[in-house]
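The values are calculated or read from the model by the stated rules, or taken from the named source; none is laboratory data. Computed from a predicted structure; not experimentally measured. As a convention, Cβ positions derive from the backbone with ideal geometry for all residues, glycine included, and neighbour counts pool all protein chains shown. Surface areas here come from the heavy atoms of the whole protein model, side chains and all, with no ligands, DNA or RNA. Shrake-Rupley method; radii C 1.70, N 1.55, O 1.52, S 1.80 Å.
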Amino acid sequence: MAPEDNAAPVVVGPASVASLPLNVKIRNHRGTTVVGGYRHFFELTDSAAHIWRQIDGIRTVDDIATLIALEYDIDRESVVEDIIELFSELAAHDVVKISESSSRLQ
């Protein structure tokens with residue numbers, strides 16, 4: 001049975017921080033970004049790849065959304081929703097690890 005079959009669903013919110021597990025591979029093939037772990041690979045859209053490049057294990061979903069919203073002059077709340085959806089899918093397949101920002105927990 002796969003690890004994600006037993007795991008509780010990962011909850012991603014505005015204060016969540018994504019980081020990359022050691023087993024994650026990232027490839028750019030003919031202009032397409034592909035990421036994956038041991039069992040699952042995902043082809044990222046251009047916008048998802050841009051979000052992916054912001055993952056540093058420090059920035060929260062809110063932080064990343066603010067950067068992207070300012071850069072593209074778009075609604076930050078929509079960006080937060082998109083990031084939560086992306087990170088939830090990737091975390092469910094062990095392609096990113098999700099934690100809560102320690103500064104926001106205090």
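Of note:
- Unmet criterion (only one of (1) open to solvent by less than 90 Å² (accessible area, probe 1.4 Å); (2) modelled with pLDDT of 95 or more; (3) of a type in the set (D, E, K, R)) for D94: (2)
- Cβ-Cβ contacts under 7 Å between residues 6 or more apart (or on different chains), taken from a first residue in segment 45-68 that is assigned to a helix (DSSP H, G or I) to a second residue that is among the basic types (K, R), are listed as A65/R76; T66/R76.
- When segment 41-71 is filtered for residues that are over 14 Å from A15 (Cα atoms), open to solvent by 90 Å² or more (accessible area, probe 1.4 Å) and of a type in the set (A, V, I, L, M, F, W, C), the ones remaining, listed by number, are F41, L70.
- Residue check, I74 under 21 Å from L44 (Cβ atoms), open to solvent by less than 30 Å² (accessible area, probe 1.4 Å), out of contact with any strand residue (DSSP E or B) (no Cβ under 6 Å at 6 or more places or on another chain) and hydrophobic (A, V, I, L, M, F, W, C): no
- Test result for I74, in contact (Cβ under 8 Å) with a residue 12 or more places away in the chain and of a type in the set (A, V, I, L, M, F, W, C): no
- From P21, P14, residue being under 16 Å from A92 (Cβ atoms) and either surrounded by fewer than 15 Cβ atoms within 10 Å (Cβ to Cβ) or under 13 Å from the mean Cα position of the chain (by Cα) (or both): P21
- Residue that is at pLDDT below 95, assigned to a strand (DSSP E or B) and not small (G, A, S), where the choices are R27, R39: R27
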